[in-house]
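S.K.: I am attaching a structure below and will ask some questions about it afterwards.
The values are calculated or read from the model by the stated rules, or taken from the named source; none is laboratory data. Keep in mind the model is a prediction, meaning the values are calculated, not measured. When we count neighbours, we look across all protein chains shown, and the Cβ atoms used for this are built from the backbone with ideal geometry, even at glycine.
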Amino acid sequence: MPYALFFLIAIAVLDASAQVVTGSIQDKVTREELPYATIGIKGKAIGGIANRTGEFTLDLSKASQRDSLIARYLGYKPFAICVADLAAAQPLTIQLVPETRMLQEVLVYDKRALTTLGNNRKSFYHTGWGDNESERGRTRGLVIEKPEFPMLLVSFHMHIHENTFDSVRFRLQILGAAEPFRPLLTENIFVTTAKKKGWIEFDLKPYQIKATERFVLAVEWVDAWGKPKGPDEFSHILTISESRPGGKIYHREKPEEIIRLQDHTLLPSFYVKGIGVK
């Protein structure tokens, strides 16, 4: 089986009655759920993310029998299966195999001034999400050009334009800046905030992230907590600021869709601070 993963289902054909599939994604060794794992059709804008308990619901009505369904989670080997091989019986249980982790190099840095990489400006322009369940998993990012020397990333900063939830959670993404945008992180980094408006800061020093090349810095909305709005109330709002001058942006709606970097007049208002390392 490709990717050496396990899919605990009986082989059967997915018929019209099973176009919406439900299930959960787990660690094969511990049987623990993997919160916010991504699952979708390779190369298409079909898919989404699991919830905080690893459960998912996926509409495959626009997928073909020849399409491949992919499940991913940082630190684990990806899972792939043909849609035609999915079982009609539900719910489904996907078990991902952990990857062997190499011991991290401990980086020693000097006392030089911190360098800002990204967009540390804000304006009244904004982009973002909302309380629509289908928008969880939407990602916004920008390209960081290669620093002049290797950098240890020490903090992440993002400007919230408006947040009407009690609190929200994002997944920080650092990706190679060329297709297929390979993840440069080895584990999930979740940023949770209750801030309604303004800059937030997240400490990256414990993760020992070394930047040596041009990369994409992005955030993905994965969760939110708040009182549901009534029928006569406006829906929740979750947006991040943008500003000029522009540059290359990374926009992704679904986890497995084909992405192209785009030139844009506005960049999302987030950046990292780094320091030179030996």
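S.K.: Which of the residues that make up the stretch 51-69 are more than 17 Å from the chain's Cα centre (by Cα) and among the polar types (S, T, N, Q)?
M.R.: THR57, SER61, SER64, GLN65, SER68
S.K.: Could you tell me which numbered condition ARG101 fails, if it satisfies all but one of (1) among the charged types (D, E, K, R); (2) modelled with pLDDT under 90; (3) under 20 Å from the mean Cα position of the chain (by Cα); (4) not assigned by TED's automatic domain parsing to the domain that holds ARG252?
M.R.: (3)
S.K.: Here's a check for you: in the stretch 54-102, which residue that is in contact (Cβ under 8 Å) with a residue 40 or more places away in the chain and of a type in the set (Phe, Trp, Tyr) is farthest from THR30 (Cα to Cα)?
M.R.: Restricting to residues being in contact (Cβ under 8 Å) with a residue 40 or more places away in the chain and of a type in the set (Phe, Trp, Tyr), the top hit is PHE79.
S.K.: Follow-up. Here are the criteria: (1) modelled with pLDDT of 90 or more; (2) under 13 Å from LEU86 (Cα atoms). Tell me which single one ALA10 does not satisfy.
M.R.: The failed condition is (1).
S.K.: How many of the residues making up the stretch 233-270 are under 22 Å from LYS196 (Cβ atoms) and among the charged types (D, E, K, R)?
M.R.: 2
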